[in-house]
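Taking it in order: structure first as structure tokens, then the write-up.
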Amino acid sequence: MTPIIQDIFSIFFVLALGYVAGKRSSFDQAQASGFNHLVLTYCLPALLFVSIANSSRGALFSDTRLLSISVIVLLFWYFVAFAGALLVFGHDRREAGIAGLSAGAPTVGFLGMAVLSPLFGGTAALSVAIVALVVNVILVPLGMFFVAPKGTKPAAALIKAAKEPVVLAPMIAVALVLAGVRMPEFFQAPLALIGHATSGVAVFAAGLVLSAHKFQLNTEVLWNSLVKVGLMPASMLALAVMTGVSPTHLEQVVLLAALPPAFSGIVIAGREQTYVGLASSTLIVSVIGFAVAAPLWTALARHFAG
């Protein structure tokens, strides 16, 4: 579990660094918004493009069961969290869209390989690629669609979401993979360079944003965290066992489902200035929850895998 502990410590360290920088007025909220724009418009799209473009068509679709259960589980909990925010906690559509990302989208693109690679080696790449594909090609566009300004027609909101670099980049990458087109290393290297800045800048910006908002530990934050760290991996485990997913991939997808919320949700919240405090608080509680729950989910998955 050392790699997991290291990842958790790294997240908290950079988050605390951003928080202290914000409290000391080293950066203001306008600059935090600039960091969010940098991540969402440049760094994250580059990272997603390279990670998906490096996959092969055979790898992405070699295990249709893995793809199917990932779509079912992640979409289901996204809409459960969305409906809960809308109907139970009294948020509007835009806030509920971010709530869905906070509770229903694991941070696979940032921590997937970092957590799984030391535990499973190269076999983790397929699981990470599939779950990341679902998050970035389905869930993030959904979130962008729902945070469209009030009064925006659904068709216009859908088109606007599709034009966002964070949505467009993975879609182009998937199209290239399906067409069998391999991007030359000459083009991938500079994209990878700016993509590497994603995690650090995103978490630092989240700390800056959090410094301007009071940390909240309420029923909604606890509910979001329970969905993310508890209910989502539990349903992923149950569905994977029922559908006969291989033992190795079973452990991997359960751990991926338990990962903390995708930083893209917090970045979108910061850019749109909606659901920011709750999204940031959910990240903190979920990171702590993941540190506790990850060993338990690994042991359970191994038990059911035989």
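The distance between label points at ALA16 and ASN218 comes to 2.7 nm (points 7 Å beyond Cα on the Cα→Cβ vector). Distance between the 7 Å Cα→Cβ label points at GLU185 and ARG93: 4.8 nm. Please work out whether the chain counts as rounded, prolate or oblate from its C-alpha gyration tensor, where a ≥ b ≥ c are the square roots of the eigenvalues and a/c under 1.5 means rounded, while otherwise a/b larger than b/c means prolate and anything else oblate? Note, shape of the chain comes out rounded. Report the number of Lys pairs in the chain whose alpha-carbons are under 30 Å apart, with separation of 8 or more residues or on distinct chains. Close lysine pairs found across the chain: 10. In the elastic network of the chain, a GNM with C-alpha springs shorter than 10 Å, the most mobile of ALA99, ALA53, ALA257 is ALA53.
Per the helix-only calculation at 222 nm, which mean residue ellipticity applies to the chain, given -39500 (n - 2.57) for every DSSP H run of n ≥ 4 and division by its residues, nearest 500 deg cm²/dmol? Let's see the in-between values first.
Numbers: 18 runs with 231 residues, N = 306.
Estimated from H runs of four or more residues: -24000 deg cm²/dmol.
Where a ≥ b ≥ c are the square roots of the eigenvalues of the C-alpha gyration tensor, would you call region 185-226 rounded, which needs a/c under 1.5, or, failing that, prolate if a/b is larger than b/c, or oblate? It is oblate, given that a/c is not under 1.5 and a/b is not larger than b/c. Rounded to 0.05, the FRET efficiency of the PHE304 and ILE5 pair, given R0 = 25 Å and the Cβ-Cβ distance, is 0.55. Treat each spin label as a single point 7 Å out from the Cα along the C-beta direction, and report the ILE159 to THR41 distance in nm. Distance between label points: 2.1 nm.
Throughout, read-outs are computed from the coordinates displayed, never taken from laboratory work. Since we're looking at a predicted model, the values are computed, not measured. Neighbour counts are summed over all protein chains in view; Cβ atoms, including those assigned to glycine, are modelled from backbone coordinates with ideal geometry.
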